[in-house]
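Only the coordinates and a few stated rules stand behind these numbers; no lab work does. Note that the structure is a prediction, hence the values are computed from the model and not measured. Note: ideal-geometry Cβ built from the backbone for every residue, glycine included; neighbour counts use all protein chains shown.
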Amino acid sequence: MKINTPSKLEKILAAGHLAVTSECGPPRGSDPEVIVEKANLIKDHVDAINITDNQTSVTRMCSLAACIKLKLMGLEPVLQMVTRDRNRIALQSDILGAAAFDIHNVLCLSGDHQSFGDCPTGQNVHDIDSIQLIQTVRHMRDESKFLGGDDISRSPKMFVGAAANPFADPFEIRVPRLAKKIAAGVEFIQTQCIYDLDKFELWMKMAGDRGLLEKVSILAGVTPFKSVGMARYMKNRVPGIEVPDEMIKRMADTPKEKQPEEGVKICIESMQRLKEVEGVRGFHVMAIEWEEMVPEIVEKTGLYPRPSVD
Amino acid sequence: MIVADRKPIEEIIAEIKEHEKILILGCNECVTVCEAGGKKEVGVLASALRMYFLNQGRDVKLDEITLERQCDHEYLEEIRDVIDQYDAVVSLACGVGVQFMAEKYHTMPVYPGVNTCFLGVTEKRGLWTERCQACGQCILARTGGICPVSRCAKRILNGPCGGSTQGSCEINKEISCAWQLIIDRLKALDRLDDYEQIDPIKDWSTDRAGGPRKVEREDVQQ
Ligand code: SF4
Ligand code: SF4
């Protein structure tokens with residue numbers, strides 16, 4: 001695999017290792033120590049750390065600032081960027097700002113609708129969409145040009161990622177949609193949390209049949225349940241997540257105090273199975289506000305220690 | 001058509017309560033079809049206001065007129081002879097009519113009597129839904145005749161987003177996901193392969209973003 005950027009994540013994938021990424025949500029305040037503390041919990045067990053961009057449309061410290069903080073700690077950030085809040089001027093400008101701090105990974109997203117967050121009466125921007133943001137970063141990187149056509153001095157060297165949700169509807173375009181993102185220039189994918197493994201395997205098989213898995217690195221997204229309540233919430237309230245009934249039952253049948261443990265166990269079992277799926281090149285472990293569990297999950301899945309690349 | 005909805009009566013009263021001679025001015029076009037500002041609604045609003053002023057013990061002149069349109073000089077001119085009899089107009093036309101009225105009768109206070117909502121259709125009586133945001137550069141040829149600009153909550157040109165669930169948009173189960181509709185329609189047209197064409201970054205300069213727009217056609221100007 002050809003290396004296009006100085007991204008550590010790209011190098012790890014190119015070397016054929018299973019990559020491990022995780023994520024941190026920035027604080028609802030200006031204290032940078034929150035980021036530092038969260039990062040310290042996971043830094044030895046992951047290759048890169050996503051910083052979410054005002055996730056679920058709740059206003060937080062900006063992703064870029066938090067990524068810079070990680071960079072200053074010597075860590076590898078993945079800058080999440082949603083197209084909800086910024087037009088093409090602001091997006092390009094922030095890409096350059098990130099590149100100025102040698103942030104080498106970006107994840108292009110559309111973002112949840114603002115009605116879910118703390119500013120439901122606000123405007124949204126959506127000047128470009130997530131697929132067009134992928135094109136934008138690739139254009140800036142590979143052509144060294146702005147969207148407006150002018151030259152960029154020192155183009156942003158970013159490894160370009162996107163999300164994919166194998167479980168959203170309609171299922172029949174889930175693989176064509178992946179193909180579209182690949183055509184736009186995406187290089188890695190972090191998937192939505194996978195609970196329905198059969199469906200995920202089907203999606204991967206269909207992607208493989210179309211020859212897509214050689215063109216993109218798929219990191220399987222996983223999130224451990226903390227409780228049966230969370231499992232039910234994910235199933236019923238979070239758009240685009242599917243949780244099989246057996247999994248809910250397994251959580252429900254576990255005594256309350258043992259549920260976190262059971263949730264982690266389910267997560268590890270899923271990862272063991274996912275490791276065997278053709279085309280899975282790594283994991284994106286999203287332990288939402290439960291970062292301290294990441295090391296155990298990574299260790300018990302046999303993904304520790306993390307490889308070093310230069 | 002332009003779809004509007006009635007303004008709460010309290011809001012209208014708060015605006016006009018100091019006036020003594022009020023004209024309620026309806027419009028016979030879109031707002032009549034969507035039952036917000038036609039002759040019938042003019043009558044209903046006038047009666048409610050008469051009741052209000054009566055209860056206040058005030059003698060306020062309230063007249064009702066409904067014009068063919070309020071967005072054309074020709075029809076708005078029809079009230080020139082009577083406008084001096086009033087000290088305020090409540091226009092039940094869309095925001096376009098209210099403004100044209102204000103421009104033409106420069107010293108006459110004009111208040112909007114409806115909230116102008118969107119460009120849409122009558123799905124059935126009492127249910128109107130959005131179809132177009134007048135982006136000025138129509139892309140319906142590429143999207144199977146379904147508009148993602150107006151009907152996708154994130155106006156995604158290469159959708160759907162990950163929130164599309166069983167045909168509904170992530171923001172509300174009652175709202176169809178535009179991209180589900182587009183895909184269903186492309187399938188019905190046997191054009192699903194077109195789905196994989198990436199829609200390019202849109203030129204929004206013809207949209208609201210480009211500033212107030214105008215269409216000027218010399219071929220039809222006198
Ligand atoms: S693409 Fe633009 S002009 Fe066409 S229906 Fe949608 S908003 Fe209206
Ligand atoms: S669910 Fe469908 S309509 Fe709603 S924002 Fe996503 S793509 Fe647009």
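Per-structure values
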item	result
Helix A:63-72 axis, angle to chain A major axis (alpha carbon atoms, nearest 10°)	90 degrees
Dipole-positive endmost among A:ILE103, A:PRO244, A:ALA184 within chain A (Cβ charges, Cα centre)	A:ALA184
Size of charge dipole - the protein assembly as shown - debye, nearest 20, with Cβ of Lys, Arg +1 and Asp, Glu -1, no other charges	940 debye
Region A:154-310: equivalent-ellipsoid semi-axes (sqrt of 5 x gyration tensor eigenvalues, Cα, Å)	27, 20, 14
Shielding by partners, peptide A:242-253 (average Cβ within 10 angstrom, other chains)	0
Semi-axes of the equivalent ellipsoid for the protein assembly as shown, Cα gyration tensor, largest first, Å	53, 26, 23
Acute angle (nearest 10 degrees) that the helix A:174-184 long axis makes with the longest principal axis of chain A, alpha-carbon atoms	30 degrees
Angle between chain A longest axis and helix A:228-237 axis [Cα atoms, degrees, rounded to 10]	50 degrees
Region B:1-22 and region A:205-279: distance between their alpha carbon centers, rounded to Å	54 Å
Ranked B:PHE100, B:PHE118, A:PHE159, criterion: other C-beta atoms within 10 Å, fewest first	B:PHE118, B:PHE100, A:PHE159
Estimated 222 nm signal from helices in the protein assembly as shown, with DSSP H stretches of n ≥ 4 weighted -39500 (n - 2.57), rounded to 500	-9500 deg cm²/dmol
Dmax and Rg, reported as Rg then Dmax, of region A:99-161 (C-alpha, Å)	14.1, 39
Rounded if a/c under 1.5, otherwise prolate or oblate - region B:2-118, Cα gyration tensor axes	oblate
Ranked list, fewest to most other Cβ atoms within 10 Å of each Cβ, for B:ARG125, B:ARG50, A:ARG84	B:ARG125, B:ARG50, A:ARG84
For peptides B:55-68, A:24-37, sequence by mean Cβ density within 10 Å, most packed first	A:24-37, B:55-68
Whole-number D in µm² s⁻¹ for region A:8-300, Kirkwood Cα-pair radius fed into Stokes-Einstein, 25 °C, 0.890 mPa s	126 µm²/s
Relative packing of A:281-287, A:292-298, which averages over residues the other C-beta atoms within 10 Å, highest first	A:281-287, A:292-298
Three-way shape label, chain B, alpha-carbon gyration tensor, a/c 1.5	prolate
Cα gyration tensor shape for region A:217-273, rounded if a/c is under 1.5, else prolate or oblate	oblate
Axial C-alpha extent at least 18 Å, average Kyte-Doolittle at least 0.0 - helices from chain B (DSSP)	B:39-55
